[in-house]
Amino acid sequence: MRALALLLALALPSACVGEASAVIGPADFTPVLSPSAKQSLAHVGAYRLDVRPVTNAEFAQFVRSHPQWRRDHVASLFVDADYLAHWPAADRIGGEALPEQPVTRVSWYAARAYCEARKARLPTWYEWEYAAAANEHVTDARTDPAWRERMLAWYARPGSDPLASAGLGTANLYGVRDLHDLVWEWVEDFNSLMLNGGARSDADTVNFCGAGALDAKDREAYPVLMRIAFLSSLEARSTSRRLGFRCAVDVP
Amino acid sequence: MIPVRRPFACAALVLALNGGGPALAAAPPDVSPLPGESLYQLPVTLETMAGTTEPFARHRGRPVLVTMFYTHCASVCPILTAELQRLDSRLPVEQRARIAVVMVSLDSEADTPAELRRFAAEHKITDPRWTLARTSPAEVRTLAAALGIRFKKLPDGSFDHSTTIVLLDAEGVPRDRTSELLGTSDRFVDAVATLVRRESR
């Protein structure tokens with residue numbers, strides 16, 4: 001059964017295993033947070049997603065060719081004080097920052113600039129969520145208790161553990177790795193994620209942090225909800241030692 | 001997004017979309033370096049309700065109240081607009097004259113200059129210190145992120161968005177913000193007045 005599923009996965013035209021990015025979609029799916037009160041389905045067009053997060057080595061290369069993104073050059077509008085703070089020098093990795101580890105302590109602006117330099121972009125939240133709903137066998141493993149246990153295991157791990165190298169996680173159906181068990185990841189529309197309704201449902205004062213009830217499709221979808229909660233707490237210049245990113249591109 | 005290079009590309013794009021119409025004539029721009037936190041480093045170009053294009057940094061040199069909205073928003077945006085007008089009117093006349101008000105649309109597609117003019121007329125916005133404008137979807141995302149405004153386009157074309165008014169100083173650095181739609185507190189009005197006094201010295 002497992003072998004059959006694997007064979008099917010390899011034969012799927014949308015899977016592009018063994019390359020640096022995987023083709024995913026187009027698809028309609030049910031995201032954890034409904035697009036609106038009246039609509040539960042979200043659409044993603046066809047896109048390519050990096051199979052692993054961007055590494056320190058790759059980001060160091062970018063910083064060397066785009067020195068305006070060196071931690072000692074970049075304006076404070078675009079990054080907070082901890083931007084790339086774990087690198088031994090502004091344009092050099094090493095020490096705590098190993099080449100194959102995912103780059104972290106990068107802001108949304110910096111992540112976006114990196115992808116743009118590669119003629120790519122950050123994935124949208126729906127693109128990330130759709131890719132992350134798959135396990136090795138099916139496009140939507142979210143109702144599988146074993147899958148959910150595995151997700152939760154990462155969130156339960158202490159944040160002080162050193163980061164593993166990028167690309168070592170189990171590849172999902174599309175060949176994409178490390179979506180759940182390595183770092184948090186920036187998305188292009190992180191500032192669209194709100195755990196309550198936004199302005200129109202709460203005209204008095206708008207305070208997303210004080211969201212009372214979750215407008216959640218599946219209240220048990222904690223791994224994804226934790227992502228949303230984390231991303232919705234960020235500012236564009238925020239950085240964190242567990243926050244990295246990967247890039248995406250449209251498939252024409 | 002590359003802070004240094006993109007402004008020119010964006011300006012060119014908006015001009016092209018505009019059929020190369022004349023840009024707003026303005027005083028020679030201040031080219032001295034901006035503070036690191038200044039939003040005027042953002043490569044954002046506005047298309048105003050007059051149909052002209054101008055850099056978001058055009059109001060450099062005086063304080064600005066900035067917010068994001070969209071014209072076909074039935075509930076909150078009219079309240080937000082009215083509150084912004086009340087806030088403006090609570091400032092002493094000589095201070096009011098020194099502050100600009102900029103409302104940038106979240107809806108790049110629907111909020112054409114004509115639509116923005118209709119909204120301005122409906123809300124009796126005639127003061128030239130007020131700018132209603134739109135920009136490209138990518139620049140909406142950038143500007144909203146920098147202002148700390150969260151928004152989401154809904155399937156029916158409307159938007160969920162936080163209703164924040166941000167006070168920028170003369171160099172484009174955010175100095176204060178409020179989300180009080182039903183009566184801005186004296187504290188925020190005082191913050192605006194204090195900044196205007198300081199910037200005019």
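Quick notes on this structure:
- Extending 7 Å from Cα along the Cβ direction at A:H43 and again at B:K124 yields two label points whose distance is 4.3 nm.
- The B:A82 and A:D28 beta-carbon pair, evaluated with R₀ = 41 Å, returns a calculated FRET efficiency of approximately 0.55.
- Applying 1/(1 + (r/R0)^6) with r as the Cβ-Cβ distance of A:D140 and A:R64 and R0 = 56 angstrom yields a FRET efficiency of 0.85.
- The calculated FRET efficiency for the pair A:R157 and A:L98, based on their C-beta separation and a Förster distance of 25 Å, comes to about 0.85.
- Ascending count of other beta-carbon atoms within 10 Å, so fewest first, for A:H180, A:H66, A:H86: A:H86, A:H66, A:H180
- Considering helices alone, the calculated mean residue ellipticity of chain B at 222 nm is -10000 deg cm²/dmol, with DSSP H runs of length four and up weighted by -39500 (n - 2.57) and normalised per residue.
- Helix runs (DSSP H) in chain B reaching 18 Å along axis by Cα, Kyte-Doolittle at least 1.0: none
Here, each number is a calculation from the coordinates, and none is a lab measurement. For clarity, every value in this text was computed on a predicted model and none was experimentally measured. Ideal geometry is used to build each Cβ from the backbone, glycine not excepted, and the neighbour counts take in all protein chains shown.
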